[in-house]
């Protein structure tokens, strides 16, 4: 399974090192959010990695909802206990809840299909900044604080007509951004296709903290710094 290199297991516990999480973000999701850098002061494991691990271990259901409740740090041991419940959580040994999961409908445990779906979704999700989020910020006259960028995954959900997918892929749909003082909420909708057939819809919400009044020069510098970090990282791999 392609996720093996991005975590280790101990019985029913999953442990993700900062370096593993960072490689997943950059090499699988194409996500260069500085919160996923191993040396980040407020490092956290990408939500997309947790999402991928849940599907791998619990299967794909027709309707699923993921609510992120806490930031997973370096080498946090998460309990992936076997369950058939429709509602369950990922916790640590102190019972702190990091992720709430809900599921309904038919299920599939086809690992080949689940890998294809998760790879496609994660690649799609990792493109949220700057491609989708930056234009939304500009339209609302705000920008990310370049000194303390804070963009976190709050929730995602999807609903499928069926789970026997062959070539799952995601396409962006309507997106909007709500500003409340220095805090903003990005609501990103997407459709799920199997080849050319639309088989479902999904929704993702991001929370942006520490918003500042929009400045074109500063905003473009932030985008460029993000793109430069991508080029630099891939240069180190060659």
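Spot the failing condition for residue 63; the list is (1) over 21 Å from residue 159 (Cα atoms); (2) outside any loop (DSSP other than H, G, I, E, B); (3) out of contact with any helix residue (DSSP H, G or I) (no Cβ under 9 Å at 6 or more places or on another chain), and only one is missed.
Failed condition: (1).
Just give me the residues in region 1-40 being more than 22 Å from residue 132 (Cα to Cα) and part of a helix (DSSP H, G or I), in sequence order.
2, 3, 4, 5, 6, 18, 19, 20, 21, 23
When you scan region 185-200, how many residues do you find that are farther than 20 Å from residue 48 by Cα, in contact with a strand residue (DSSP E or B) (Cβ under 9 Å, 6 or more places away or on another chain) and at pLDDT 95 or above?
Adding up the residues that qualify gives 3.
Within region 41-50, restricting attention to residues that are in a helix (DSSP H, G or I) and in contact with a helix residue (DSSP H, G or I) (Cβ under 7 Å, 6 or more places away or on another chain), which residue is nearest to residue 206 (Cα to Cα)? Please lay out each step first, then the result.
Of the residues in region 41-50, the ones in a helix (DSSP H, G or I) are 47-50.
Okay, now just the ones that are also in contact with a helix residue (DSSP H, G or I) (Cβ under 7 Å, 6 or more places away or on another chain), so 48-49.
Working: 48: 12, 49: 16 Å.
Per the stated criteria, the residue is 48.
Would region 161-182 turn up any residue that is on the phi > 0 side of the Ramachandran plot, surrounded by fewer than 21 Cβ atoms within 10 Å (Cβ to Cβ) and out of contact with any strand residue (DSSP E or B) (no Cβ under 7 Å at 6 or more places or on another chain)?
There is at least one residue in region 161-182 that is on the phi > 0 side of the Ramachandran plot, surrounded by fewer than 21 Cβ atoms within 10 Å (Cβ to Cβ) and out of contact with any strand residue (DSSP E or B) (no Cβ under 7 Å at 6 or more places or on another chain).
Under 17 Å from the mean Cα position of the chain (by Cα), more than 18 Å from residue 150 (Cα to Cα) and surrounded by fewer than 17 Cβ atoms within 10 Å (Cβ to Cβ): which single residue out of 85, 27 fits that description?
Testing whether each residue is under 17 Å from the mean Cα position of the chain (by Cα), more than 18 Å from residue 150 (Cα to Cα) and surrounded by fewer than 17 Cβ atoms within 10 Å (Cβ to Cβ) leaves just 27.
Test residue 223 against the stated conditions and say whether it is touching a helix residue (DSSP H, G or I) at 6+ places or on another chain (Cβ under 6 Å), touching a residue at least 60 places away in the same chain (Cβ under 8 Å), in a helix (DSSP H, G or I) and under 29 Å from residue 54 (Cα atoms).
no
How many of the residues making up region 129-139 are without any contact (Cβ under 8 Å) to a residue 60 or more places away in the chain and within 16 Å of residue 205 (Cβ to Cβ)?
2
Report yes if some residue within region 205-217 is part of a helix (DSSP H, G or I) and exposed (fewer than 15 other Cβ atoms within 10 Å of the Cβ); otherwise report no.
Quick first cut of region 205-217, residues part of a helix (DSSP H, G or I) only: 216-217.
Next cut, exposed (fewer than 15 other Cβ atoms within 10 Å of the Cβ) only: 216-217.
Yes.
Do we find a residue being within 22 Å of residue 27 (Cβ to Cβ) and surrounded by fewer than 15 Cβ atoms within 10 Å (Cβ to Cβ) anywhere in region 139-159?
Within region 139-159, none of the residues are within 22 Å of residue 27 (Cβ to Cβ) and surrounded by fewer than 15 Cβ atoms within 10 Å (Cβ to Cβ).
Output yes when any residue across region 100-111 is out of contact with any strand residue (DSSP E or B) (no Cβ under 6 Å at 6 or more places or on another chain) and crowded, with 16+ Cβ neighbours inside 10 Å, and no when none is.
no
Taking the condition in contact with a strand residue (DSSP E or B) (Cβ under 7 Å, 6 or more places away or on another chain) and loosely packed, with under 15 Cβ neighbours inside 10 Å, does residue 94 pass?
No, not satisfied.
Looking only at strands (runs of 3 or more DSSP E) that lie completely in region 78-172, which have at least 2 residues being modelled with pLDDT of 95 or more, out of contact with any helix residue (DSSP H, G or I) (no Cβ under 6 Å at 6 or more places or on another chain) and farther than 15 Å from residue 53 by Cβ?
Once the strands (runs of 3 or more DSSP E) in region 78-172 are filtered for at least 2 residues that are modelled with pLDDT of 95 or more, out of contact with any helix residue (DSSP H, G or I) (no Cβ under 6 Å at 6 or more places or on another chain) and farther than 15 Å from residue 53 by Cβ, what remains is 97-108, 150-160.
The values are calculated or read from the model by the stated rules, or taken from the named source; none is laboratory data. As the structure is a prediction and not an experimental result, all values here were calculated from the model. Here Cβ is always computed from backbone atoms with ideal geometry, including for glycine, and neighbour counts include all displayed protein chains.
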